[in-house]
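All remarks here apply to the structure that follows.
The values are calculated or read from the model by the stated rules, or taken from the named source; none is laboratory data. Fair warning: this is a prediction, and the values are worked out from it, not measured in the lab. Heads up, the Cβs are rebuilt from the backbone with ideal geometry, glycines too, and the neighbour counts pull from every protein chain shown. Heavy atoms of the whole protein, side chains included, go into the accessibility calculation; ligands, DNA and RNA do not. Shrake-Rupley method; radii C 1.70, N 1.55, O 1.52, S 1.80 Å.
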Amino acid sequence: MEVMVMESRPEIGPQMSRSCSDGGFSDCNSDRSGEFSPTGGAFSLRRLLVSSSSSEYSDEVVRGLISELESPSVESQCRAATQLRFLAKHSPENRIRIARAGAVAPLVALLSHPDPQLQEQGVTAVLNLSLCDENKATIAAAGAVGHLVRTLCFGTPAARGNAACALLRLAQLDDLRAAIGGSGAIPALVALLETGGSRGKKDAATALFTLLASKENSSRAVEAGVVRPLLDLMADPESGMVDKAAYVLHRVLALREGRVAAVDEGGLPVLVEMVDVGSQRQKEVAMLSLLQICEESSAYRRMVVREGAIPSFVALSQSSSKKIREKAEALIALLRQPTSPSTKRPMALA
């Protein structure tokens, strides 16, 4: 696989990322797979002991579990993967200890196993280990990215969501973002965003938000059709995804092809509606997105005017919120000069 060098967009700065993590996004955390019990009550009891007393497990026990991952018995492998998963669930120390003991490679190998439950436990264990920054390069070096993308495409619903979270964790390393984007992860995440369950869609949106910090990945997302499902989620308050989808769309709109796709897919009415009836956070990101679109061309500015947006902008220009007021005033000024191309860069979400 050819790895391309990518650069982050400076206009989407840390302030916006903080806003998203404060409310628009919650990080993908550890261990949200189904709590199945492959061998009945004894296993369930042992699993409970592992989850509640994991700090009591010695390095020798950890090495034994790692050895069991390579057993010819699927039952033994599943038992070992599940116990390692629980050991790593809440303990940063255990995450480092397990990785240093050599668990990463055999756990990554489980991601391509045909047994769906074993694969699910493997990907969840990898996710839990990836919560530790020290482990991320080791996980990537074991070939995890390709296996995670395959799981993202073909795994169980829980495995797909956890694969998205693991990719998000790895993408937090700038030098891995390019490899993940070039591995086929973007179309797979877009598919999960479109067809996954509620949790899977949230996981996909969170992973995409991180990956789309690079222009190349944003371009891949537009090519994969990300705009349509984002707009559908933004237009559906019952989805619980309005904020997340709006922030991802804002990153897509940094590219010209993203702005064109948003207009072509009917995004202007959705954004104007969000300005009218959304929360303060939603109004702010919707106006930022409309600023990006309106700066593209006078034709787009005329379309925004035809959507009846100006009265809402005028009302918001009197807002007690300085951030809301400034963005509304910027839009009003821009729409008053529809034939004058703007050279201003999009405002940062402060």
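Annotations
- Enclosed volume per residue, in Å³, of the convex hull spanned by Cα atoms of the stretch 57-142: 74 Å³
- Debye, to nearest 20: dipole size of the stretch 225-337, +1 on Lys, Arg Cβ, -1 on Asp, Glu Cβ: 440 debye
- Above-threshold pairs, the threshold being 21 Å between Cα atoms, out of LYS215/LYS323; LYS215/LYS244; LYS136/LYS201; LYS201/LYS322; LYS215/LYS283; LYS89/LYS244: LYS215/LYS323; LYS136/LYS201; LYS201/LYS322; LYS215/LYS283; LYS89/LYS244
- Accessible area, probe 1.4 Å, largest first, for residues CYS153, CYS165: CYS153, CYS165
- Normalised radius of gyration (Cα atoms, divided by 2.2 N^0.38 Å) for the stretch 126-272: 1.00.
- Of the two radii for the stretch 193-244, the radius of gyration is 0.96 times the Kirkwood radius, both from the alpha carbons; that is the Rg over Rh value.
- Nonpolar atom fraction for the stretch 57-142, defined as the carbon and sulfur part of the 1.4 Å probe accessible area, stands at 51 percent.
- By the compact-protein rule of thumb, 2.2 N^0.38 Å, the alpha-carbon radius of gyration of the stretch 225-337 corresponds to a ratio of 0.96.
- The gain in end-to-end length when the ASP59 to ASP276 segment is fully stretched comes to 72.3 nm, 0.36 nm per residue minus the alpha carbon separation.
- The apolar share of the surface of the stretch 225-337, taken as the fraction of accessible area on carbon and sulfur atoms (1.4 Å probe, ligands and nucleic acids excluded), comes to 48 percent.
- Cα point-scatterer Debye curve for the stretch 144-224, base-10 log of I(q)/I(0) at q = 0.27 Å⁻¹: -1.38
- Among 228-235, 272-279, the order from most to least packed when residues are scored by Cβ within 10 Å on average: 228-235, 272-279
- Estimated at 0.36 nm per residue, the fully extended path between THR195 and ALA105 surpasses their Cα-Cα distance by 29.4 nm.
- Relative contact order for the stretch 144-224, counting Cα pairs under 8 Å that sit 6 or more residues apart, in percent: 33 percent
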